[in-house]
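J.: My questions will all concern the structure given below.
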Amino acid sequence: MKYIITESQIDNVIFKYLNNQDFIVVGDSVSLFFVNSENDEYAQIRYDENDEWCFISYKLVNEISSFFSLRESNSKKVIGKWVENNLKMKVTNIFFVTEDMVSSLRTPN
């Protein structure tokens, strides 16, 4: 038997998955960082309040993509929507942070 899953349904499933990650939000006057624990040096997600940009770790994008059989571009969009819903703020741009750009996810600790 086949099921047709709408975009909003898959979004909701991924939102629940991300909610279960129990991210902690830490930040400074410019950026908010979603980390797994308060002592993490690098975040999984960073949101810049000034320009409304969202930076997402390649590891998190790959995890969502492989677990839900999505393209990376679709995973980035859903994670961006989740950030918007969580922070009640707008995300205007989403950046995929590769290994060589990981310093952009460094927390202010």
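J.: Considering each of 10, 4 in turn, give the residue that is free of Cβ contacts under 8 Å to residues at least 40 places away in the same chain and among the hydrophobic types (A, V, I, L, M, F, W, C).
T.: Result: 4 is the single residue among 10, 4 that is free of Cβ contacts under 8 Å to residues at least 40 places away in the same chain and among the hydrophobic types (A, V, I, L, M, F, W, C).
J.: Turning to a different aspect of this structure: Taking residue 74 as meeting all but one of (1) without any contact (Cβ under 8 Å) to a residue 12 or more places away in the chain; (2) surrounded by 16 or more Cβ atoms within 10 Å (Cβ to Cβ); (3) part of a loop (DSSP other than H, G, I, E, B), write down the number of the exception.
T.: Result: residue 74 passes all but (3).
J.: Of the conditions (1) closer than 24 Å to residue 37 by Cα; (2) out of contact with any helix residue (DSSP H, G or I) (no Cβ under 9 Å at 6 or more places or on another chain); (3) without any contact (Cβ under 8 Å) to a residue 24 or more places away in the chain, residue 69 fails just one. Which one is it?
T.: Every listed condition holds for residue 69 apart from (1).
J.: Here's another thing I want to ask about it. Given 47, 17, which one is at pLDDT 95 or above and touching a Cys at 6+ places or on another chain (Cβ under 7 Å)?
T.: Result: 47 is the single residue among 47, 17 that is at pLDDT 95 or above and touching a Cys at 6+ places or on another chain (Cβ under 7 Å).
J.: Out of the residues in the stretch 1-26 meeting the condition of being over 16 Å from residue 69 (Cα atoms) and hydrophobic (A, V, I, L, M, F, W, C), tell me which one is nearest to the chain's Cα centre (by Cα).
T.: 23
J.: Strands (runs of 3 or more DSSP E) wholly in the stretch 12-70 with at least 1 residues that are among the polar types (S, T, N, Q) - which ones?
T.: Once the strands (runs of 3 or more DSSP E) in the stretch 12-70 are filtered for at least 1 residues that are among the polar types (S, T, N, Q), what remains is 31-35, 53-57.
J.: Could you check, for the stretch 52-60, whether at least one of its residues is closer than 17 Å to residue 20 by Cα, surrounded by 14 or more Cβ atoms within 10 Å (Cβ to Cβ), of a type in the set (Gly, Ala, Ser) and at pLDDT 95 or above?
T.: No, there is no match, as no residue in the stretch 52-60 is closer than 17 Å to residue 20 by Cα, surrounded by 14 or more Cβ atoms within 10 Å (Cβ to Cβ), of a type in the set (Gly, Ala, Ser) and at pLDDT 95 or above.
J.: Looking at the stretch 27-51, which of the residues that are surrounded by 14 or more Cβ atoms within 10 Å (Cβ to Cβ) and of a type in the set (S, T, N, Q) is farthest from the chain's Cα centre (by Cα)?
T.: Just the residues of the stretch 27-51 that are surrounded by 14 or more Cβ atoms within 10 Å (Cβ to Cβ), to begin with: 27, 31-35, 40, 42-49.
Those still in the list that are of a type in the set (S, T, N, Q) too: 31, 44.
Details: 31: 14, 44: 7 Å.
Out of the qualifying residues, it is 31.
J.: For the condition touching a Cys at 6+ places or on another chain (Cβ under 6 Å), over 19 Å from residue 22 (Cα atoms) and of a type outside the set (Ser, Thr, Tyr), what is the one hit in 91, 97? Lay out the reasoning, then the answer.
T.: Details: 97 fails: touching a Cys at 6+ places or on another chain (Cβ under 6 Å).
So the residue among 91, 97 that is touching a Cys at 6+ places or on another chain (Cβ under 6 Å), over 19 Å from residue 22 (Cα atoms) and of a type outside the set (Ser, Thr, Tyr) is 91.
J.: Another question, if that's okay. Take the residues of the stretch 77-109 that are in contact with a Leu (Cβ under 9 Å, 6 or more places away or on another chain) and of a type outside the set (Val, Ile, Thr): which is surrounded by the most Cβ atoms within 10 Å (Cβ to Cβ)?
T.: The extreme case among them is 82.
The values are calculated or read from the model by the stated rules, or taken from the named source; none is laboratory data. These figures come from a predicted structure and were not determined experimentally. All Cβ positions, even for glycine, are placed from backbone atoms using ideal geometry, and neighbour counts span all protein chains on display.
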